[in-house]
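What follows is a short report on a single structure.
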Amino acid sequence: MEIRNDPRFRGIEPLKRKLWLSSPTMHGEELQYITEAYRTNWMSTVGENINELERLAENYIGVRHAVALSSGTAALHLAVKLAGERLYGQPRVGHGTLEGRRVFCTDMTFDATVNPVAYEGGEAVFIDTEGGTWNMDPEALRIAFERYPDVRLVVVAHLYGTPGKMEGIRSLCRQHQALLIEDAAESLGATYQGKQTGAFGDYSIISFNGNKIITGSCGGMLLVEGEREANKARKWSTQSREDAPWYQHEELGYNYRMSNVIAGVVRGQWGHLEEHIKAKKRVYERYREGLKGLPLRMNPYEEGISRPNYWLSCILIDPDAMCETVRGERQALYVGEPGKSCPDEILGALAAFHMEGRPIWKPMHMQPIYRNHAFVTREGNGRGRSNAYIEEGGAVDAGADIFNRGLCLPSDNKMTEEEQGLVIEVVRRCFG
Ligand SMILES: *Cc1c(COP(=O)(O)O)cnc(C)c1O
């Protein structure tokens, strides 16, 4: 049945203007900075906006060196290369820095977190998720170090703007002399024990992609402590040109540097980061309030320990309120049932009324591309348990469970209270 004709939604009118999951919010200063770049003809990958943006990031996040790059993915690639060379030395041209090496990676994340490991010839081993923050489970990481004691690199992400359990993860890295790469692409402005995400990794990255909390339309940054490594990344990002009168190359290069125009957009956005976080927090809290009484919970964080940036508001449906559902590789089927619902039904209903939600990022161990990669849970080998429902704090395959029962709600910080009220009403009626 066409969802809009479903009697449960009687009386609800579709929105005239589409409500986005998370869209850019511009303020005006951006234009000033890009106009200045245009006026002075600094239209390349050199200029005042880039320099100022790097200073802004260093001061705000509390790291020694920020390197402005073309994307968060480029930043992750250079982070992986820096870590790989530090651990295993410089490879021959045409070979990756991580060739044949295993790397522990966050499992439930966007694929850009883990692909750079493969770019460098490494093999990602996925670490299960914990229910308290929806990030890498330190307990599963502990088990992984027992199973693979020679691993020296961990890549961790903070999903949806909620900081992961960094104390446990960092102490395990220290104990096993492993380097940590921190993917703070989604969590700019979030803090853990008072410290900014992006300041925990040996190498960290942030992103200014169009849907992130502040944006340059694209862009990203690498954050490092060492000046030598920052300069190395700058050099790699501009085709590894040596200091010579002609194009002289001793190392492989990339075209990864940020444009001074993009840097102008981000520079103009930076002063509005706190305001964006406040708006996102209001969205999250209105959902928490408005969805009370339904058999679901919001994406959790560690109260008193971390301050999320509330980038996306998500929900997790209680196991006994889930209608029967099967997901194939590309399609979902579900059987509607009074009083129950499921992510695909809710997403379909939201879309029918012009509201954009999204499934939880499908865990990497469930992705066809990484089918042959190891996956470690608290129980050890996590393969073959993908669809098991678990209780809160349960031990097996938390990622698949959150993917099955969770979804992201429209979280645009320009959403009006009225529009958000309609989202809440649609979700409510799904359980009718
Ligand atoms: C967006 C994102 C990235 C990639 O950033 P880009 O700037 O889009 O390349 C990496 N990791 C996570 C978790 C992201 O959400």
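Read-outs throughout are calculated quantities, based only on the coordinates presented, and are distinct from any laboratory measurement. On a predicted model such as this, the values are computed, not experimentally measured, just so you know. For neighbour counting, all protein chains shown are included, and Cβ atoms are generated from backbone atoms with ideal geometry for every residue, glycine included.
Here are a few things to note about the model shown:
- Sparsely packed trypsin sites (Lys or Arg not before Pro) within segment 316-353, loop by DSSP, other Cβ within 10 Å at most 15: 330
- Those GluC sites (Glu not before Pro) in segment 276-329 that DSSP places in a loop and that have at most 14 other beta carbons within 10 Å: 303, 329
- Hits among lysines - C-alpha to C-alpha of residue 81 under 21 Å, sequence gap 8 or more where chains match: 232, 235
- Ranked for footprinting exposure by Cβ neighbours inside 10 Å, fewest first, 191, 238, 377 give 238, 191, 377.
- Full-stretch length increase - residue 55, residue 119 - with 0.36 nm per residue and alpha-carbon distance subtracted: 20.1 nm
- Length gained when the stretch residue 27-residue 425 is fully extended (0.36 nm per residue, less Cα-Cα span): 140.2 nm
- Inter-site label distance for residue 18 and residue 324 at 7 Å from Cα along Cβ, in nm: 3.4 nm
- The angle between the Cα long axis of helix 417-430 and the longest principal axis of the Cα atoms of the chain comes to about 60 degrees, rounded to the nearest 10.
- Cβ-based net charge around residue 85, under 14 Å, with every Lys or Arg adding one and every Asp or Glu removing one: +2
- Where Rh is the Kirkwood radius over Cα pairs, Rg/Rh for the chain: 0.99
- Ranking 151, 189, 176 by Cα position along the charge dipole of segment 144-199, where only Lys, Arg, Asp and Glu carry charges on their C-beta atoms, puts 176 farthest toward the positive end.
- When +1 charges are put on Lys and Arg Cβ atoms and -1 charges on Asp and Glu Cβ atoms, the dipole computed for the chain relative to its Cα centre reaches about 300 debye.
- All alpha carbon pair distances within segment 234-389 were sorted into 10 Å bins beginning at 0; the resulting P(r) in whole percents reads 8, 21, 25, 24, 15, 6, 2, 0.
- Local net charge near residue 249, Cβ-Cβ under 9 Å (Lys/Arg +1, Asp/Glu -1): -2
- Of the chymotrypsin sites (Phe, Trp or Tyr not before Pro) found in segment 210-263, those that fall in a DSSP loop while having at most 10 other beta-carbon atoms within 10 Å are 246, 247.
- With a cut-off of 12 Å between beta carbons, the residues surrounding residue 229 carry a summed charge of +3, where Lys and Arg count +1 and Asp and Glu -1.
- DSSP-defined beta bridges in the chain - what % are antiparallel, rounded to 5: 60 percent
- Label point at residue 252 placed 7 Å out along Cα→Cβ; residues across segment 95-120 whose backbone nitrogen lies under 16 Å: 95-101, 115-120
- The angle separating the long axis of helix 72-88 from the principal Cα axis of greatest extent in the chain is about 60 degrees.
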